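Participant: Before I ask anything, here is the structure I am working with.
Please treat every number below as a calculation from the coordinates, not as lab data. None of these values were measured; they are calculated from a predicted model. Counting neighbours? That spans all protein chains shown, and the Cβs are built from the backbone with ideal geometry, glycine included.
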Amino acid sequence: MRNRHASDLTPGVVLALLVLALAGCNGGTVDRHALQRDAENVASLASEGGLLANEVTKDHSTKYFVRVHAKELSDKASNLQDALAERPTSPGITSDVRKLSKLAGKVSRELEQLHLHPTDSNVAASLEQPLSDDADAASELAK
Amino acid sequence: MKIFQIALGILAAIGGFVDIGDLVFNVAAGATFGYQLLWVVVIGVVGIIVYSEMCGRVAAVSGKAVFDAVRERVGFKAGLAALVSAQVVNLMTLTAEIGGLAICLQLLSGLPYRLLILIAGVGLLIVVWFVAFDWIERIFGYGGLCMLVFAVAAVKLHPAWGAVGHGFVPHLDRESPVLYAYFAVGLLGAAMTPYEVYFYSSGGVEERWGPKDLGLNKVNAMIGYGLGGFLSFALMIVGGALFLGQGIEPEFLGTIALGAEVPLGQIGLLLGLVGILFAVSGAAIDTLFSGAYNLAQFLGWEWGRYRHPRGAPKFTVTWLVLLVLALGVVMTGVDPVQLTEYAVIFSAVALPLTYIPIFLVANDRTYMREYTNGRIANALGILYLVVIMVIAVTAIPLMILTNVGQN
């Protein structure tokens, strides 16, 4: 059987692989731009969590929706926390990156509470302000 | 009943125009640029109406669907390239829709995601096997009308109507021109996704359209896709009015449903989820059929849902294989929302391979007799071919430059 070399691949396949590799890149060193991007992500998750908590407080939501959606948001925040805690950083921004990691962890834990108590309006009400504060803190780090 | 006769257009629109890709792109565009990209949706709607009418007319006059025409007009090699690209994008989209369907069921029931993927697969199998084509159109087309709750939500969110009006005027963004261009290309790609016309033209053949149905074809294309465009406007306005100010980047189907819940409460949430459920189910059926239609038409097999499975065995086996493949891929845990973004961009690249043959056949008197394109259809057709070429060339560079719309 003939050996298959890279040159045997069609240009379309090579292009598709290159695109997927480039577009999917999310690791490596955290630079200022990546920090800003991740901080916006954490702020977005916290804001959305706050919105969801507000709906639970007003008894506007359903148990399953809150349970599932809060878990999705919490998992995303947790993934960000792990990534920011482990990845190397550009000089001068290490402390901000680790701070953001802790903040992402806090957001994840608050959303986990919402996931565990999807119909408890008291729990939801107690989470609204912290999530709002987290969103503000993350937005500050994004600047 | 006249209202039932436009079901094909509504299913094609709900399942095609407002599929998971459009849900994501429209709400994300609103959350990123407010109402600034509404004009792009208008261009997309007119484009898909022009080409759906064209391929519906081809189906009605010649009895040939898109890939019959592709095979006969562009030769084997170019036709094969069109087939391969169409099938890859179809499979990606089908996978994303099944994943979206399972997420939607999970948001409604709280059951485990992987179990719901299986339930979604079995449900689709039962529907496609046992339910008649016209009833599939009606159930999923009209069920998807629950999505209209997003139009009510958009109004209830009290957007700045002046800014909404300004969004319909074509303009560029000076702050983030590359990201703006990425969203514009994504919105156009999502609006003109090729599987919509594969499904629509094959559906016309399934329904045995003839020249007497050309009026029905026009009404189907205009009302169906016009409705799809209206829903896209609503989704973008919800994104702009609710998420932009709060810095929320919609990445989940749940976020989109939240857009109906916040202004309308629990009823808004439930209608939104049910609407999304029907829309992504309709899209899953569209793509499932489209994949089987394309292969069967290209290879000259017997095809058609109106035939008994034994009357078109290869066609039946094809959609069964596609369903199993898509279920297998979605079971690996791939994120349906991310997958749909790639599918939209890759489908943008494949647009010319679908739309150029349609345009050629619609102008060919040997197929179309006196029903070839008129001046307006030709002028718009050529204009949109230029737009399609620009989209095809720029889609992947923009995806790389913006890291799939992330910055």
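Participant: Measure off 7 Å from each Cα along the Cα-to-Cβ vector at residue A:129 and residue A:90, then give the distance between these two points in nanometres to one decimal.
Facilitator: Simple spin-label model gives 3.7 nm for this pair.
Participant: Would you compute the Debye intensity of segment B:184-256 from its alpha-carbon atoms alone, equal scatterers and no solvent, and pass along log10 I(q)/I(0) at q = 0.12, 0.19, 0.22, 0.28 Å⁻¹ to two decimals?
Facilitator: Evaluating at q = 0.12, 0.19, 0.22, 0.28 Å⁻¹ gives log10 I(q)/I(0) of -0.50, -0.90, -1.05, -1.31.
Participant: Across the Cα atoms of segment B:160-204, what radius of gyration and what greatest pairwise Cα-Cα distance (Dmax) are found, in Å?
Facilitator: Answer for segment B:160-204, Rg first and Dmax second: 15.3, 45 Å.
Participant: When a footprinting reagent is the concern and you count Cβ atoms within 10 Å, what order do B:142, B:35, B:180, B:293 take, fewest first?
Facilitator: B:142, B:180, B:35, B:293
Participant: If you scale each eigenvalue of the Cα gyration tensor by 5 and take the root, what three semi-axes come out for chain B, rounded to whole angstrom and sorted largest first?
Facilitator: One finds semi-axes of 31, 25, 20 Å for chain B.
Participant: How would B:185, B:317, A:107 line up from fewest to most surrounding beta-carbon atoms within 10 angstrom?
Facilitator: Listed from fewest to most nearby Cβ atoms, that is B:317, B:185, A:107.
Participant: Something else: With bins 20 Å wide starting at 0, give me the P(r) of the protein assembly as shown over every alpha carbon pair, in whole percents.
Facilitator: Answer for the protein assembly as shown: a P(r) of 22, 55, 21, 1 percent.
Participant: Taking the number of other C-beta atoms within 10 Å as the exposure measure, put B:146, B:104 in order starting with the fewest.
Facilitator: Final ranking by Cβ density, sparse to dense: B:146, B:104.
Participant: Excluding the sites themselves, what is the longest stretch of chain B that contains no trypsin sites (Lys or Arg not before Pro) in a DSSP loop with at most 14 other C-beta atoms within 10 Å?
Facilitator: Answer from the scan: B:1-173.
Participant: What number, rounded to the nearest 500 deg cm²/dmol, is the helix-based mean residue ellipticity at 222 nm of the protein assembly as shown, given -39500 (n - 2.57) per DSSP H run of at least four residues and division by all its residues?
Facilitator: -26000 deg cm²/dmol
Participant: Moving to a separate point now. What number, in percent, do you get for the relative contact order of segment B:2-401 if the mean sequence gap of Cα pairs under 8 Å and at least 6 apart is divided by its residue count?
Facilitator: 39 percent
Participant: Right, here's the next one. Can you give the Rg/Rh ratio of segment B:326-407, where Rg is from the C-alpha atoms and Rh is the Kirkwood radius?
Facilitator: Computed over Cα atoms, the ratio is 1.16.
Participant: Work out the mean other chain Cβ neighbour count within 10 Å for the residues of B:230-236 and drop it here as an integer.
Facilitator: Counting Cβ atoms of other protein chains within 10 Å of each residue's Cβ and averaging gives 0.
Participant: Ignoring the sites themselves, what is the longest stretch of chain B with no GluC sites (Glu not before Pro) in a DSSP loop and at most 13 other beta-carbon atoms within 10 Å?
Facilitator: B:1-174
Participant: Give me the inter-chain shielding for B:261-273: mean count of other chain Cβ atoms within 10 Å, whole number please.
Facilitator: Taking the mean over all residues of the peptide, I get 3.
Participant: For peptide B:242-250, what's the mean number of Cβ atoms from other chains within 10 Å of each residue's Cβ?
Facilitator: 5
Participant: Across bins of 5 angstrom width beginning at 0, how are the C-alpha pair distances of segment B:118-243 distributed, in whole percent?
Facilitator: Cα pair-distance distribution for segment B:118-243, in percent: 2, 8, 12, 17, 17, 15, 12, 9, 6, 2, 0.
Participant: What's the lysine pair count for chain B at a Cα cut-off below 22 Å, pairs eight or more apart or interchain?
Facilitator: Taking the Cα cut-off of 22 Å, the pair count is 6.
Participant: A further question on this structure: How many percent of Cα pairs in segment A:31-142 exceed 23 Å?
Facilitator: Summing the P(r) of segment A:31-142 above 23 Å gives 26 percent of all pairs.
Participant: Name the helices (complete DSSP H segments) of chain B with a Cα length along the long axis of 30 Å or more and a Kyte-Doolittle mean of at least 0.5, or state none.
Facilitator: B:38-62, B:75-109, B:214-238, B:253-299, B:336-362, B:375-401
Participant: Now, a different point. For the pair residue B:383 and residue A:121, how long in nm is the line joining their label points, each one 7 Å along Cα→Cβ?
Facilitator: 5.4 nm
Participant: Still on this structure, please answer the following. To one decimal place, what Kirkwood hydrodynamic radius in Å is obtained for segment B:17-87 from all pairs of distinct Cα atoms?
Facilitator: 14.6 Å
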